[in-house]
Amino acid sequence: MSNSTFSPGTNDVSSAGHSLRRRIMNTALSWTLILAGTGCLADNTAGDAGRIQPWTSNPRYWQYKGQPVLLLGGSKDDNLFQIPDLKAHLDEILAPGGNYIRNTMSDRADLGFEVYPFGHLPDGKYDLDEWNEEYWRRFENLLRWTAERDIIVQIEVWDRFDYSTKNWPPHPYNPKNNINYTTEQSGLAVEYPDHPGQNRQPFFFTTPKQRNNTVVLKYQQRFVDKMLSYSLKHDHLLYCMDNETSAPEAWGDYWAEYIKQSAREAGKQVCVTEMWDAWDLKAEEHKRTFDHPERYDFCDVSQNNQKKAQEHWNNFQWVRVRVASQPRPLNTVKTYGADTGRFGNNRDGLERFWRHVIGGAAAARFHRPGSGLGLSQPAVATIQAARKLESLIKLWDIEPANELLSDREGNEAYLAAQPGRAYALYFTDGGAVGLDLKHAPGRFGVRWIDIGSGEWGQSERLDGGRTVTVTAPAKGQWVAAIVRLAGTM
């Protein structure tokens, strides 16, 4: 490879990236003060500095125990607290550098090993006024063991798939299965065979600004109260109200405020979000989180992972621009794409993960098999590769900068940079691009990382002060850490 070959300095995108970076720097301090007012950023003198919260120096990223942290992960299931080999699996996640999991509060009888949270009576019915302590013991174990390993848990309180199709007939909330209410009293039918996206389940219409169904709502509140009695003891937890919901805005708003108010009453502060169903991040429902930082302290944009290639990148960057005046962490707790799934193949999953990480996501996790790579070998290698990149370039020190690339084909390469100092260049399948270093004189070290193996690749040198061609070592996915060498100008 020759890094000294010159290319024309044409850009594939406009100079919007430069102005965006200036806007981010200019607003970071003022937005830190705004966040403090919403309750997500606390007064550190009050003993709250250690909890997970937007980083005071750059609120697009998280801080934990007072230090900035990039959240990366993958796991074999979504409601990890229910799996029988939880402790061993957490160690498997930790080994390559994982520190981020998703935990839905789900309970599905067809899996065999999962249990419901409610008391089970001898006649087979459930008592919603009694607890199944095994369910809560499992949850408590998850919280304790993740805290010991500094693994951040994103809790999803409600998963719509638990309450429709095959999961609803055996569920304790189903009026035919409990002693607490009838169909007539609760307004809940014994079957909801349609996909939950049809919004025909009244379970998600109970709050005061909806149908004010106090019969069911009191049991929903009781469940959330019980969950919080365990979770508010810990500082490493984030809260997402739903899994890809299509419910009315009032539903998520109610639970977000309910959880934050409960935390305040316990002398705690927490960060909450909602996850909407729409695959297009520009859809109106996503603006319910993007445009309401006073309610939602971070945004989960996992549904962007239904998109591919340049559109996937562009949509995520659109969100970053939309929230630039009030920056918050953007999490992707579900990265779709695996040869075994219907949302793309392995390569799609890896590309989506890297476009988000390079593009400025605060958290990225592979979705469970078979819709995602879980903690398979490709996922493990990617996490290892990302941590190697992080050891040379802190992701919160750089900004998306594709405008510095030239001779770039669609979806060939993506760049984030702190111009003149550091550049993280990701190739989706080998290739070569021009990198504009005309305003960056001096010598740079190039360290390649093989995403397929998670191992270090070759090291090189290049001279700045010009546009240089950077060529990946081979086909496949690679990332290069390009860093100015000390003492060179």
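The values are calculated or read from the model by the stated rules, or taken from the named source; none is laboratory data. Worth saying up front: this structure is predicted, and the values here are computed from it rather than measured. Neighbour counts run over all protein chains shown; Cβ positions are idealised from the backbone, glycine included. Heads up: the accessible areas ignore ligands, DNA and RNA and are worked out on the full protein's heavy atoms, side chains in. Shrake-Rupley method; radii C 1.70, N 1.55, O 1.52, S 1.80 Å.
A compact table of results
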item	result
Residue check for Glu390: under 30 Å from Asp463 (Cβ atoms) and over 20 Å from the mean Cα position of the chain (by Cα)	no
Verdict on Asp436 being farther than 19 Å from Glu351 by Cβ, in contact with a Leu (Cβ under 6 Å, 6 or more places away or on another chain), open to solvent by 10 Å² or more (accessible area, probe 1.4 Å) and touching a residue at least 60 places away in the same chain (Cβ under 8 Å)	yes
Odd one out for Gln269, checked against (1) open to solvent by 50 Å² or more (accessible area, probe 1.4 Å); (2) in a helix (DSSP H, G or I)	(2)
Residue list for the stretch 149-175, filter: acidic (Asp, Glu) and assigned to a helix (DSSP H, G or I)	Asp162
Test: residue in the stretch 34-52 that is at pLDDT 95 or above, assigned to a loop (DSSP other than H, G, I, E, B) and crowded, with 18+ Cβ neighbours inside 10 Å	yes
Exclusive hit being more than 20 Å from Trp255 (Cα to Cα) and either in contact with a Phe, Trp or Tyr (Cβ under 6 Å, 6 or more places away or on another chain) or open to solvent by less than 10 Å² (accessible area, probe 1.4 Å) (or both), set Glu130, Glu134, Glu140	Glu140
Test result for Arg320, within 18 Å of Glu399 (Cα to Cα), open to solvent by less than 10 Å² (accessible area, probe 1.4 Å), in contact (Cβ under 8 Å) with a residue 24 or more places away in the chain and part of a helix (DSSP H, G or I)	yes
Pair list, Cβ under 6 Å, 6 or more apart: the stretch 363-376 residue more than 21 Å from Glu390 (Cα to Cα), other residue among the aliphatic types (A, V, I, L, M)	Gly370/Ala338; Gly372/Ala338; Leu373/Ala338; Leu373/Ala379
Top-ranked residue of the stretch 225-259 - restricted to ones that are acidic (Asp, Glu) and without any contact (Cβ under 8 Å) to a residue 60 or more places away in the chain, ranked as farthest from Ala278 (Cα to Cα)	Asp225
Lone unmet requirement of (1) buried (at least 18 other Cβ atoms within 10 Å of the Cβ); (2) farther than 25 Å from Arg149 by Cα for Lys209	(1)
Any hit, the stretch 402-416, residues being surrounded by fewer than 21 Cβ atoms within 10 Å (Cβ to Cβ) and farther than 21 Å from Ala309 by Cα	no
Every pair of residues 6+ apart whose Cβ atoms lie under 7 Å, when the first sits in the stretch 333-351 and is part of a loop (DSSP other than H, G, I, E, B) while the second is of a type in the set (Asp, Glu)	Gly337/Asp348; Asn345/Asp339
Residues within the stretch 357-399 that are touching a helix residue (DSSP H, G or I) at 6+ places or on another chain (Cβ under 8 Å), buried (at least 24 other Cβ atoms within 10 Å of the Cβ) and assigned to a strand (DSSP E or B), tallied	2
